[in-house]
Amino acid sequence: MASFALLLTSASAQIFATNEFLQVQRGELPIIITAPHGGSLAIPGVPKRLGQEGERTNGKFVTAQDTRTFELAAATVKRVEELAGKKPYLVAMKVHRQYVDPNRPEKEGVEDERARVVHAAFHAHVREFVDEVRKQFPGGAVLLDFHGQAASAGTIYRGTQNGTTVLKMVAKHGPVALTGEASILGYLATKGIKIEPPNTPPGTPPETRAFGGGYIVRTYGSHTTNGVDAIQLEFGASFRTDAAKREETAKFLAEAIKVYAAKYLPPKQ
Ligand SMILES: [Zn+2]
């Protein structure tokens, strides 16, 4: 443990956390994919967070894994690269949510000093990538935050805080960039996928409260002074559990990203 304590205070802490506990890829496109809840590793010596018992009934924080969202994010990154010939950015947590939750502020998502390093490393990478795409792609960029929900197996829920975290996109192009046929969710709907809210303009009806956009999209969304358009995607089980269906989801997502980018994202200047 002594060596670990040293790491915590050294500049290598982030690199250590990255190599062990995060999947990170620097990209070439104005697309950042994050997946905070798909991990399955433990952090050696770190106890499970207290939120694990009776999580949904006693008001404590959820610590359940979003099953196969790590794999879905990885598959999507691969498909985008195949389709576009360039890489999107990726920051995916390998650690189980029982130990660290990057979609919560540190005081809620971390209960141990060693988990804090992993939480900080996750956010350091997202911040770095958001800053980088803002510089390289001043015409716009999108962050997609991947999650899994158990409320409806055949539905993808949209989370933008009812349009807040995609403020720039909507201001520049109108709600059609979030909900139209060349939008990411609009394209998925053309493939027969059920989207909730059903690609109606932001707020009409409001997004489902539990899936309406968490800490990541609230922190990095385009309503912030240094953010990008950020959409939380909550995938039902049928989009991620079965390997063949997961590949199909990744393929549709890659196509949706390509269609959106062609219409709304100017290339690098
Ligand atoms: Zn989640």
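The values are calculated or read from the model by the stated rules, or taken from the named source; none is laboratory data. Remember, predicted model here, so these are calculated numbers, not experimental data. Quick reminder, even Gly has a Cβ in these numbers, built from the backbone with ideal geometry, and neighbours come from all protein chains shown.
In segment 9-21 there is no residue that is modelled with pLDDT of 70 or more, out of contact with any Cys (no Cβ under 6 Å at 6 or more places or on another chain) and within 16 Å of the ligand (Cβ to nearest atom).
Quick grid of which residues meet (1) at pLDDT below 95; (2) more than 21 Å from Ala189 (Cβ to Cβ); (3) among the basic types (Lys, Arg):
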position: Tyr215; (1), (2), (3): no, yes, no
position: Ser222; (1), (2), (3): no, yes, no
position: Thr225; (1), (2), (3): no, yes, no
position: Ala230; (1), (2), (3): no, no, no
position: Gly236; (1), (2), (3): no, no, no
position: Arg246; (1), (2), (3): no, no, yes
position: Ala250; (1), (2), (3): no, no, no
position: Leu253; (1), (2), (3): no, no, no
position: Ala256; (1), (2), (3): no, no, no
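Let's see how each residue does on (1) part of a loop (DSSP other than H, G, I, E, B); (2) over 16 Å from Leu72 (Cβ atoms); (3) within 16 Å of the ligand (Cβ to nearest atom):
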| position | (1), (2), (3) |
| --- | --- |
| Leu144 | no, no, yes |
| Asn162 | yes, yes, no |
| Thr165 | no, yes, yes |
| Ala177 | no, yes, no |
| Ile195 | no, yes, no |
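Of all the numbered requirements in (1) more than 15 Å from the ligand (Cβ to nearest atom); (2) on the phi > 0 side of the Ramachandran plot; (3) at pLDDT 95 or above, Gly203 misses one, and that requirement is (3). Which of the residues spanning segment 28-38 are crowded, with 24+ Cβ neighbours inside 10 Å, part of a loop (DSSP other than H, G, I, E, B) and away from the ligand (no atom under 11 Å from the Cβ)? Residues satisfying the conditions are Leu29, Pro30.
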